[in-house]
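Quick notes on the structure that follows.
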Amino acid sequence: MVIRFSDEWLTANNRDKDGKLLKGRRVKRGDGIPDATAGHKRAVAKLHRLEIELAVSPHAKALAQLAKNPEVQKKKGPEHWDQVRVFDFMHRKHPDIYDLLHATPNGGARSEVVGFDMKAEGLKKGFPDVSLHAARGVYHGLHVELKVGSNSLQEDQKKWQARLRAQGYACELTKGWEAMTEIILRYWLLETGQTL
């Protein structure tokens with residue numbers, strides 16, 4: 001019995017008129033049959049990467065909500081929105097930094113039950129707002145406390161900063177989202193042996 005393939009099938013599967021695989025065609029290991037879906041898989045992977053890159057971040061969504069209704073700022077406070085701006089900026093402009101940036105939800109109103117659960121899980125009062133988990137300069141990582149206006153560090157925040165500095169971390173107090181963004185970028189660019 002002889003099996004005949006159409007010219008379209010042979011072309012689509014990179015075969016000559018005798019059905020032999022043409023040079024340069026990737027072959028699935030072991031069975032000698034080419035992976036006819038390889039191009040499709042690459043296209044799907046590329047599309048997935050684009051979807052991630054173009055996806056609207058939760059930070060951008062929150063800022064859009066704020067732009068639409070400025071009264072929202074009063075509910076959450078200016079420190080919240082400044083921190084959202086930092087994460088939005090890093091998400092859009094510096095995804096390499098964004099991937100290693102983390103916020104600790106120490107502030108904010110929550111129920112007694114949620115507060116108890118978070119403490120039971122290890123949340124500790126005074127821990128810095130934002131952490132960058134990347135070794136740079138002489139440091140193991142960066143911890144930043146964000147304040148607005150005339151707000152200053154509380155006693156428990158000062159203790160945390162002292163503990164973290166003693167362990168080789170950079171700790172900074174910043175006023176406003178622009179200052180926090182600047183210190184994160186300065187830290188990111190530190191060369192081995194440099195300090196902030």
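Details
- Comparing the chain with the 2.2 N^0.38 Å rule of thumb, its C-alpha radius of gyration ratio is 1.61 (two decimals).
- Pairs over the 26 Å Cα-Cα cut-off, from the set Lys124/Lys175; Lys68/Lys124; Lys46/Lys68; Lys75/Lys175; Lys93/Lys158: Lys68/Lys124; Lys46/Lys68; Lys93/Lys158.
- Cα lying deepest toward the dipole's positive end in region 43-137, options Gly126, Trp81, Ser111, charges on Cβ: Trp81
- Cβ-placed point charges (K, R +1; D, E -1), dipole of the chain about Cα centre in debye, nearest 20: 500
Taken together, the values in this text are just the output of simple stated rules run on the coordinates, not laboratory data. Model, not experiment: these values are computed from the prediction. When we count neighbours, we look across all protein chains shown, and the Cβ atoms used for this are built from the backbone with ideal geometry, even at glycine.
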